[in-house]
Amino acid sequence: MSKKLTPDFDPHRRTVLTRTGAALAASMLPIGLSSAQSVDIMKHKPRYRRLNASASKAGERMLKSYAKAVRAMLALPPEDPRNWYRHAIIHTLDCPHGNWWFLPWHRGYLGWFEEICRELSGNPQFALPYWDWTAEQKIPDGMFDDVLDPNHSAYIPTATDFDRRLRAAVADSGYWNLANGVFDRRTQLGQLLARSVRFEQDVMFDIVADPSGRLFYEQPGARGVRRERPEINAATADSVSKATIIAALNAPDYPTFASPKSSNHATSAGFGILEGRPHNSVHRCVGSRDCNFVESMGFMSDMLSPVDPIFFLHHANMDRLWDVWERKQAALGLPTLPAGVELRTDLPDAQKSPAERATDYYRWAREPFLFFVDKDGKPAAKTTSGDYAAMAAFNYDYEPGSGEEVVPRTNTRPRARPAGPRVFPGKVTRRTIADAKPGSAEVAVPAATLEQAVASGATLVANITLHFHDMAHDPFMVVLDGPEDLSTVDATSPFFLGTIVMFGKHSHSGPLTFAVPLGDKLSAAGNARRGDAPLRLRVAPMPGAAAAKGHHGTHEAAVGVELVAVNIETY
C-alpha cells in the first residue's frame, strides 16, 4: 500500500467532520436521536466545569479542594456511607465492566461522589478534575501530594486493620435486608444475590482473604506507580494515544462506542475500544509495579480501585470522552443512545406500548443502579441507567482536552452520511494461546479495499474474540503480521497492534470480544505484504507475563486461553 494512516491527522475524516453543521444536523436525524436531544447536547449550559488537573493553576487549586474532601471522607466513621472505604465498596459490589452500562454507571458514581466532595471540601464550586492521559502520559504530579496518594498515613495500612474497622459497618449496611418481606430483583439484595454476594462475609473474603487474589493492597503497595517514576509504559502509551482515542470516537453508534450489550450490568460481554484499551490499560498500569503489566501492586488493578483517588480523575477523562463522542454524533445527526430512544415515553412500564418495551433503549435505560449515595449519605434519588444518559443530571461540563477535533464546527454545510460498517470474517488457524505459543488467525481483505478504506478516512478495527477459562487475567498482545519469532516483538515494534488487558473479576456467559484499532499499524504490515495476501493476526502473552507472580506474590499457573474468532470491521 502506498498510503499511510497517521495517528495525528486524518485529512478526509477532518474534512467530513468540519464540514458538518450542527445547526442543520437536527433536520437529518436518524432513528435513535431526537431533535430535542440534539439541542440539549449542543446547548448544555452547566454550572460546574471539570478542569484538566495539570493544565492550569485553577486545575491545581481544584486538586487541593479534592484533597480536603478525601481527607474528610477518610475521617468519617465507617458507619457513614460517605466514608472513603464504604464509598469504594460500592464499586466492588455493583460496578459494570465489559458491557454497555459501563459509561452511565460511572457517570452516576462520579456525579454523586462529586457532590459529596463539594459538600466536604468547603468549595461550593468544586468539580472533579480529570487526567488527560493522552496529552500527559504520566500521573499528574499533584496526585502524589498529601492524601491524594493512597500510601499516605491517613489510609488504612493493612488488610487486618481494614477487616477490624469495616466488617461491622458492612454487615450493618442494610444491603441484605429483604424489603417488605418480598424478594425483588430490582433491590440491593436482588442485585447482590445475582452476583452471588450473599452476606458481608462474601464481600470481606474478597477484599481481605481471597488466596487467589484479594482486593486490599497494603502500604507501601497501595499504588504501583511512584513519584520518582510517574510515566506510563509503552504499551499503555499506545492504548491512550491520539490514534487510539480518535478511532474510539469514530464509532458510529452507542454499543460500538460504549461496549456490547449484555444480559445485565454484572455480566461482561466484550470491550469497545474506549473501555478495552485506555480504560483497562491505565487501571492495570497504575496498579502495577513500575507500570509493567506483570506484577500486580496497587488498588487500581482490581475492583476496590476507588481507594486510589486517581480512579476518579481517570474516569472523569473517560466520561469527558463520552461527552466528546455525543457532541460529535449530535452534530453529525447520528444516534447518541441505544436504538429506540425516539419511542421513549414517561408512562409507567405497564402502560408503555409493546413497541417501546421492545427497544434496546428501554432495556438499557431501566437497568437498576441502586447503590449510589448522595451528599448526605442517603440513597441516591436517581436509580436507573437512563437517569445518567446526559451530563445535565449533575449540571457540569469539561474544559476541552484531547479528542475535541472530532467535533464538527457549527457554521458549515452537512455532508452525506458515511456508508454502514463492513465486516471481513477471518479464519482461526491456531486456537490455543499458551505459554509462548500464540493463537493465530488470517483475514482476507483485498489490498485495494484496504487502500480505499485508508484513503476514505474509514476506521479499521480488528474484533478479537477470546474464551478465558476461569477468568484468567493475564495480559496479551496482538501482533499484525510480523516475524515468526515473536520474542523480538514488544510495544515499540511496528507489528505491535495493541494489548488485551482484563480488569476486575466479572462473570460472563461466553467468549469476550475486544476491539483493537488497526490505525497506522497497517502501513508497516502492508509494506511487507504481497498482493492480496491475508492479514495475519496473532494473540500472544505479553512478554514476561508467563513468568510473573500473581497478586501479593502468589504463583499463578499458566491458564490456556482460546482464540475463538477474528474479523476486521471498517466504518
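The values are calculated or read from the model by the stated rules, or taken from the named source; none is laboratory data. Keep in mind it's a predicted model, so treat the numbers as computed, not measured. Because the Cβ atoms are built from the backbone with ideal geometry, glycine has one as well, and the counts that use them run over all protein chains shown.
Mind checking which residues of segment 190-200 are within 26 Å of the chain's Cα centre (by Cα) and free of Cβ contacts under 8 Å to residues at least 24 places away in the same chain?
GLY190, LEU193, SER196
Might you let me know whether segment 120-132 holds any residue that is in a helix (DSSP H, G or I) and touching a residue at least 24 places away in the same chain (Cβ under 8 Å)?
Yes, because at least one residue in segment 120-132 is in a helix (DSSP H, G or I) and touching a residue at least 24 places away in the same chain (Cβ under 8 Å).
Checking PHE183 against (1) assigned to a loop (DSSP other than H, G, I, E, B); (2) at pLDDT 95 or above: exactly one of these is not met. Which one?
Here PHE183 meets the rest and fails (2).
Taking ASN177, is it assigned to a loop (DSSP other than H, G, I, E, B), within 30 Å of ASP397 (Cβ to Cβ) and either over 26 Å from the mean Cα position of the chain (by Cα) or at pLDDT below 95 (or both)?
When the stated conditions are applied, ASN177 does not pass them.
How about segment 469-494: which of its residues are closer than 20 Å to SER296 by Cα, surrounded by 18 or more Cβ atoms within 10 Å (Cβ to Cβ) and either among the aliphatic types (A, V, I, L, M) or touching a strand residue (DSSP E or B) at 6+ places or on another chain (Cβ under 8 Å) (or both)?
Correct list: ASP474, PRO475, PHE476, MET477, ALA491.
Every residue in segment 257-275 that is within 13 Å of the chain's Cα centre (by Cα) and either among the β-branched types (Val, Ile, Thr) or not in a loop (DSSP other than H, G, I, E, B) (or both), please. Give the derivation first.
Within segment 257-275, the first condition is being within 13 Å of the chain's Cα centre (by Cα), and the residues that meet it are 257-260, 268, 270-275.
Of everything in segment 257-275, those that are within 13 Å of the chain's Cα centre (by Cα) and either among the β-branched types (Val, Ile, Thr) or not in a loop (DSSP other than H, G, I, E, B) (or both) turn out to be PHE257, ALA258, SER268, GLY270, PHE271, ILE273, LEU274, GLU275.
Contact list please: Cβ distance under 7 Å, first residue in segment 328-357 and more than 30 Å from TYR571 (Cα to Cα), second residue part of a helix (DSSP H, G or I), pairs at least six apart or on different chains.
Matching pairs, first to second residue: THR345/GLU356.
Quick one: in segment 54-98, which of the residues that are assigned to a loop (DSSP other than H, G, I, E, B) and hydroxyl-bearing (Ser, Thr, Tyr) is surrounded by the most Cβ atoms within 10 Å (Cβ to Cβ)?
SER54
Hey, could you check segment 278-300 for residues that are part of a helix (DSSP H, G or I), closer than 21 Å to VAL478 by Cα and of a type outside the set (A, V, I, L, M) and say which is nearest to the chain's Cα centre (by Cα)?
HIS279
From ALA441, ALA458, grab the single residue that is hydrophobic (A, V, I, L, M, F, W, C), modelled with pLDDT of 85 or more, in the same structural domain as PRO534 (by TED's automatic domain parsing) and not in a loop (DSSP other than H, G, I, E, B).
Going through ALA441, ALA458 in turn, the sole match is ALA441.
Just the residues that are in a loop (DSSP other than H, G, I, E, B) and among the hydrophobic types (A, V, I, L, M, F, W, C), please, taken from segment 186-218.
Within segment 186-218, VAL197, PHE199, LEU215, PHE216 qualify.
Being surrounded by fewer than 13 Cβ atoms within 10 Å (Cβ to Cβ), aromatic (Phe, Trp, Tyr), more than 30 Å from ALA243 (Cα to Cα) and not assigned by TED's automatic domain parsing to the domain that holds LYS68 narrows it down to one residue among PHE183, PHE162; which is it?
Values: PHE162 fails: surrounded by fewer than 13 Cβ atoms within 10 Å (Cβ to Cβ).
When all the criteria are applied, what remains is PHE183.
Take segment 133-144 and flag every residue that is assigned to a helix (DSSP H, G or I) and of a type outside the set (D, E, K, R).
Matches in segment 133-144: GLY142, MET143, PHE144.
Quick check on segment 298-305. Is at least one of its residues free of Cβ contacts under 8 Å to residues at least 60 places away in the same chain, of a type in the set (A, V, I, L, M) and surrounded by 24 or more Cβ atoms within 10 Å (Cβ to Cβ)?
Within segment 298-305, the subset free of Cβ contacts under 8 Å to residues at least 60 places away in the same chain is none.
No: zero hits.
Could you say whether any residue in segment 337-354 is assigned to a helix (DSSP H, G or I) and among the charged types (D, E, K, R)?
As a first pass, look at segment 337-354 and keep what is assigned to a helix (DSSP H, G or I): 341-343, 349-351, 354.
From the residues that got through so far, the ones that are among the charged types (D, E, K, R) too are 342, 349.
Checked against the condition, which is being assigned to a helix (DSSP H, G or I) and among the charged types (D, E, K, R), segment 337-354 yields at least one hit.
Out of everything in segment 229-239 that is under 20 Å from the mean Cα position of the chain (by Cα) and in a loop (DSSP other than H, G, I, E, B), what residue ends up being nearest to SER305 (Cα to Cα)?
This residue is ILE232.
Identify all residues within segment 355-377 that are touching a Gly at 6+ places or on another chain (Cβ under 6 Å) and part of a helix (DSSP H, G or I); write none if there are none.
ASP360, TYR361, ALA365
Would you check if SER523 is within 23 Å of GLY98 (Cβ to Cβ), of a type in the set (Ser, Thr, Tyr), at pLDDT below 85 and not assigned by TED's automatic domain parsing to the domain that holds LYS261?
Judged against the criteria, SER523 is not a match.
Inside segment 378-395, can you point out the residues that are touching a Lys or Arg at 6+ places or on another chain (Cβ under 6 Å) and not in a loop (DSSP other than H, G, I, E, B)?
THR384, TYR388
Anything in segment 209-228 that is more than 24 Å from the chain's Cα centre (by Cα) and either within 16 Å of GLY504 (Cα to Cα) or in contact (Cβ under 8 Å) with a residue 60 or more places away in the chain (or both)? List them, or say none. Write out each step before concluding.
In the first step, residues of segment 209-228 are kept if they are more than 24 Å from the chain's Cα centre (by Cα); the result is 209-212, 218-220, 227-228.
Selection gives ASP210, PRO211, SER212, GLU218, GLN219, PRO220, ARG227.
Considering only segment 187-201, how many residues are surrounded by 14 or more Cβ atoms within 10 Å (Cβ to Cβ) and out of contact with any Asp or Glu (no Cβ under 7 Å at 6 or more places or on another chain)? Working first, answer last.
If we filter segment 187-201 for residues that are surrounded by 14 or more Cβ atoms within 10 Å (Cβ to Cβ), which is where we start, we get 187-195, 197, 200.
Narrowing further to those that are out of contact with any Asp or Glu (no Cβ under 7 Å at 6 or more places or on another chain): 187-189, 192-195, 197, 200.
Total meeting the criteria: 9.
Criterion first (touching a helix residue (DSSP H, G or I) at 6+ places or on another chain (Cβ under 6 Å), touching a residue at least 60 places away in the same chain (Cβ under 8 Å) and either outside the structural domain of VAL373 (by TED's automatic domain parsing) or not aromatic (Phe, Trp, Tyr) (or both)) does ARG167 satisfy it?
No, not satisfied.
Yes or no: segment 106-115 includes at least one residue that is outside any loop (DSSP other than H, G, I, E, B), of a type in the set (Ser, Thr, Tyr) and farther than 23 Å from THR383 by Cβ.
For segment 106-115, residues outside any loop (DSSP other than H, G, I, E, B), of a type in the set (Ser, Thr, Tyr) and farther than 23 Å from THR383 by Cβ: absent.
Considering (1) acidic (Asp, Glu); (2) over 20 Å from the mean Cα position of the chain (by Cα); (3) under 22 Å from PRO541 (Cβ atoms), say which one GLU451 fails and leave the rest.
Every listed condition holds for GLU451 apart from (3).
Which residue is nearest to the chain's Cα centre (by Cα), if the candidates are limited to segment 122-149 and must be charged (D, E, K, R) and closer than 24 Å to ILE245 by Cα?
Across segment 122-149, the extreme among qualifying residues is ASP132.
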